[in-house]
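J.: Structure incoming, see below.
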Amino acid sequence: MPKDQSSPRPWYIATLGGMASYLEGATMVSLSMAVILLQKQLGLSAWSVGALSASLTLSFSTGAIVGGRLGDLFGRRVIYSADLVIYALGALIVILSPNQAVLFAGVIVTGLAMGADIPASLALVAEEAPPGRQGAAVAYSQTLLMTGVGVSLVISNFVADTGSLGARLLFGHLLVVSVIVWVMRRGVAESSAWLKSRAEKNSTGRRKLKETFRKPHGTALLATTLFFVIGGIMPNTLTQFGPYLIVNLGHSTMQVFSTIGTVTFVVGLVIALLLQRFADTKSRTVCLALGLVALVIGPLVAILGNFSVASLTALFILNTIAGSWAGDGMYRIFTQEIFPTEIRSTSQGFTYGMARYCMAGFGLLTPALVAFSPTLLMLLLIGLGLAAAAIGLLWLPRIPRHGLNEQTPVTVLADRASVAAHS
């Protein structure tokens with residue numbers, strides 16, 4: 001497909017692609033609410049809550065790895081168009097689930113489809129973005145992610161006292177949105193960059209896969225994976241277990257968490273919009289640094305505040321900043337810039353998948369850690385935040401860019417630092 005067939009409406013494509021992120025954020029929040037609302041009816045124990053969260057994350061990881069690879073082999077549109085049908089099926093299973101087994105099945109199907117959508121959709125968004133605005137287009141997906149979180153929190157305000165019906169209404173919202181987006185996506189053409197890369201490259205899929213794990217891409221794969229794993233554990237944990245922490249540590253109610261969630265949503269939306277504004281400028285480095293500070297300070301505030309509702313609220317707000325500026329939001333921009341078109345979806349799917357596998361393991365242990373020692377949990381998060389800061393500020397800026405916007409604000413800063421050090 002010639003480029004001029006898709007380039008006149010890049011932000012329309014960015015919106016439809018970014019709806020994968022909307023569903024990601026909405027799904028995580030909806031499940032975190034649903035497990036509380038279904039806790040009594042389905043007899044969910046602390047380990048069952050952790051297992052459901054881990055199941056979503058594990059299936060998301062598998063979907064990202066498989067979907068990312070298929071997106072490079074067969075095109076973004078194949079994955080982009082089909083996975084929402086599977087997602088809608090998973091949401092329907094959750095809605096109709098009469099017991100734990102069916103609930104687990106629905107969560108797994110939903111996670112697989114959601115994971116498969118992200119790498120292909122983000123690659124398509126970046127490849128069809130206006131020149132010099134690729135970072136903003138990808139960051140726009142973070143704005144939509146926060147919108148998904150916010151809409152789910154608003155719905156939860158109305159269903160917080162309705163028990164299992166509320167859980168089914170939360171997933172009903174996901175079912176409706178996924179069907180609407182699927183219908184709208186059917187008119188989107190294939191990525192012009194992918195078509196051009198496919199025409200120019202004669203190497204086999206096996207060779208391309210090997211190139212992903214060899215220098216220079218192998219080092220980049222390791223760096224981005226470690227950054228997303230280490231920096232993403234706190235945002236992932238607090239997103240999935242926010243209600244659980246408020247109820248079990250803050251000794252408060254779901255209604256209170258919904259109110260807190262509304263506040264953090266407003267903050268998160270502003271933070272996401274700022275990232276979108278500065279994604280292609282030098283100020284992006286400042287956003288990264290501030291996000292990493294929030295990643296470390298948040299758990300410390302909770303400890304010093306003795307896990308009161310006020311201190312947990314501060315933790316959730318700082319976590320919202322960290323999740324966008326030093327977590328998923330910044331990671332998405334890095335991966336589009338670092339990896340070339342022919343392995344972009346594969347690389348992002350792999351890093352997303354590996355990171356989510358690690359997060360799933362941590363999520364499985366989180367309720368037990370909360371019961372054993374919430375202070376220990378927070379200290380672990382602080383240590384991970386410090387490690388993420390080292391990777392984000394000292395390693396990632398020096399990784400060569402082979403994808404979009406090769407000379408980025410981050411690499412310019414690193415280049416200047418290197419020149420100064422040798423002068």
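The values are calculated or read from the model by the stated rules, or taken from the named source; none is laboratory data. The model shown is predicted, which means the values in this text are computed figures rather than measured ones. Heads up, the Cβs are rebuilt from the backbone with ideal geometry, glycines too, and the neighbour counts pull from every protein chain shown. To get the accessible areas, we keep the full protein, side chains included, count just its heavy atoms, and leave off ligands, DNA and RNA. Shrake-Rupley method; radii C 1.70, N 1.55, O 1.52, S 1.80 Å.
J.: Would you pick out the residues in the stretch 40-52 that are more than 15 Å from Ala167 (Cα to Cα), among the small types (Gly, Ala, Ser) and open to solvent by 10 Å² or more (accessible area, probe 1.4 Å)?
T.: Result: Ser45, Ala46, Ser48, Ala51.
J.: For the stretch 324-369, which residues satisfy the criterion of being open to solvent by 10 Å² or more (accessible area, probe 1.4 Å) and of a type in the set (Lys, Arg)?
T.: The one that is open to solvent by 10 Å² or more (accessible area, probe 1.4 Å) and of a type in the set (Lys, Arg): Arg356.
J.: Any chance the stretch 104-123 includes a residue that's assigned to a loop (DSSP other than H, G, I, E, B) and either open to solvent by 20 Å² or more (accessible area, probe 1.4 Å) or without any contact (Cβ under 8 Å) to a residue 40 or more places away in the chain (or both)?
T.: So far as the stretch 104-123 goes, no, none of its residues is assigned to a loop (DSSP other than H, G, I, E, B) and either open to solvent by 20 Å² or more (accessible area, probe 1.4 Å) or without any contact (Cβ under 8 Å) to a residue 40 or more places away in the chain (or both).
Yes/no per residue for (1) within 23 Å of Leu384 (Cα to Cα); (2) over 22 Å from the mean Cα position of the chain (by Cα):
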position	(1), (2)
Leu165	no, yes
Phe171	no, no
Pro243	yes, no
Val256	no, yes
Thr259	no, yes
Thr264	yes, no
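Rundown of residues vs (1) at pLDDT below 90; (2) within 30 Å of Ser373 (Cβ to Cβ); (3) open to solvent by less than 60 Å² (accessible area, probe 1.4 Å); (4) assigned to a loop (DSSP other than H, G, I, E, B), yes/no style:
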| residue | (1), (2), (3), (4) |
| --- | --- |
| Gly250 | yes, yes, yes, yes |
| Gln255 | yes, yes, no, no |
| Thr259 | yes, yes, no, no |
| Gly268 | yes, yes, yes, no |
| Leu288 | no, no, yes, no |
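J.: Tally the residues that are open to solvent by 50 Å² or more (accessible area, probe 1.4 Å) and either in a loop (DSSP other than H, G, I, E, B) or touching a residue at least 12 places away in the same chain (Cβ under 8 Å) (or both), restricting the search to the stretch 171-185.
T.: Counting residues in the stretch 171-185 that are open to solvent by 50 Å² or more (accessible area, probe 1.4 Å) and either in a loop (DSSP other than H, G, I, E, B) or touching a residue at least 12 places away in the same chain (Cβ under 8 Å) (or both) gives 3.
J.: Right, another one. Right, Glu342: in a helix (DSSP H, G or I) and more than 21 Å from the chain's Cα centre (by Cα) or not?
T.: Yes, satisfied.
J.: While we're looking at this one, here's another question. Tally up the residues in the stretch 371-383 that are open to solvent by less than 10 Å² (accessible area, probe 1.4 Å) and modelled with pLDDT under 90, please.
T.: Total satisfying the criteria: 0.
J.: OK, next. Taking the stretch 392-413 as the search range and keeping residues that are at pLDDT 85 or above and buried (at least 20 other Cβ atoms within 10 Å of the Cβ), which one is nearest to the chain's Cα centre (by Cα)?
T.: Looking at residues that are at pLDDT 85 or above and buried (at least 20 other Cβ atoms within 10 Å of the Cβ), I get Gly392.
J.: Also: Quick check on the stretch 300-310. Is at least one of its residues open to solvent by less than 10 Å² (accessible area, probe 1.4 Å), over 17 Å from Ala136 (Cβ atoms), in a helix (DSSP H, G or I) and in contact with a Ser or Thr (Cβ under 7 Å, 6 or more places away or on another chain)?
T.: For the stretch 300-310, residues open to solvent by less than 10 Å² (accessible area, probe 1.4 Å), over 17 Å from Ala136 (Cβ atoms), in a helix (DSSP H, G or I) and in contact with a Ser or Thr (Cβ under 7 Å, 6 or more places away or on another chain): present.
J.: Please enumerate the residues belonging to the stretch 9-27 that are open to solvent by 10 Å² or more (accessible area, probe 1.4 Å) and closer than 14 Å to Leu175 by Cα.
T.: Met19, Tyr22, listed by residue number.
J.: Could you please give the count of residues in the stretch 36-48 that are in a helix (DSSP H, G or I) and touching a residue at least 60 places away in the same chain (Cβ under 8 Å)?
T.: 4
J.: Can you tell me which residues in the stretch 124-170 are surrounded by fewer than 23 Cβ atoms within 10 Å (Cβ to Cβ) and among the charged types (D, E, K, R)?
T.: Arg133, Asp161, Arg168
J.: Determine if the stretch 344-353 includes at least one residue that is without any contact (Cβ under 8 Å) to a residue 40 or more places away in the chain and not β-branched (Val, Ile, Thr).
T.: Checked the stretch 344-353: no residue is without any contact (Cβ under 8 Å) to a residue 40 or more places away in the chain and not β-branched (Val, Ile, Thr).
J.: Still on this structure, I have one more. Somewhere in the stretch 194-212, is a residue at pLDDT 80 or above and among the β-branched types (Val, Ile, Thr)?
T.: no
J.: Within the stretch 60-78, which residues are open to solvent by 10 Å² or more (accessible area, probe 1.4 Å) and hydroxyl-bearing (Ser, Thr, Tyr)?
T.: The one that is open to solvent by 10 Å² or more (accessible area, probe 1.4 Å) and hydroxyl-bearing (Ser, Thr, Tyr): Thr62.
J.: Can you say whether Ile321 is under 17 Å from the mean Cα position of the chain (by Cα), open to solvent by 30 Å² or more (accessible area, probe 1.4 Å) and of a type in the set (A, V, I, L, M), as far as the supplied structure shows? Give the derivation first.
T.: Details: under 17 Å from the mean Cα position of the chain (by Cα): yes; open to solvent by 30 Å² or more (accessible area, probe 1.4 Å): yes; of a type in the set (A, V, I, L, M): yes.
Here the answer is yes, as Ile321 does meet what is asked.
J.: Related question: Restricting the first residue to the stretch 361-374 and requiring it to be hydrophobic (A, V, I, L, M, F, W, C), which pairs with a second residue that is open to solvent by 30 Å² or more (accessible area, probe 1.4 Å) meet a Cβ separation below 8 Å and a spacing of at least six or different chains?
T.: Close Cβ pairs satisfying both conditions: Ala368/Ala46; Ala368/Trp47; Leu369/Leu376; Leu369/Leu380; Val370/Asn248; Ala371/Ala46; Ala371/Asn248.
Yes/no matrix, rows are residues, columns are (1) under 21 Å from the mean Cα position of the chain (by Cα); (2) touching a residue at least 60 places away in the same chain (Cβ under 8 Å):
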{"position": "Gly75", "(1), (2)": "no, yes"}
{"position": "Ser97", "(1), (2)": "no, no"}
{"position": "Val125", "(1), (2)": "yes, yes"}
{"position": "Gly135", "(1), (2)": "yes, yes"}
{"position": "Thr147", "(1), (2)": "yes, yes"}
{"position": "Asn157", "(1), (2)": "no, yes"}
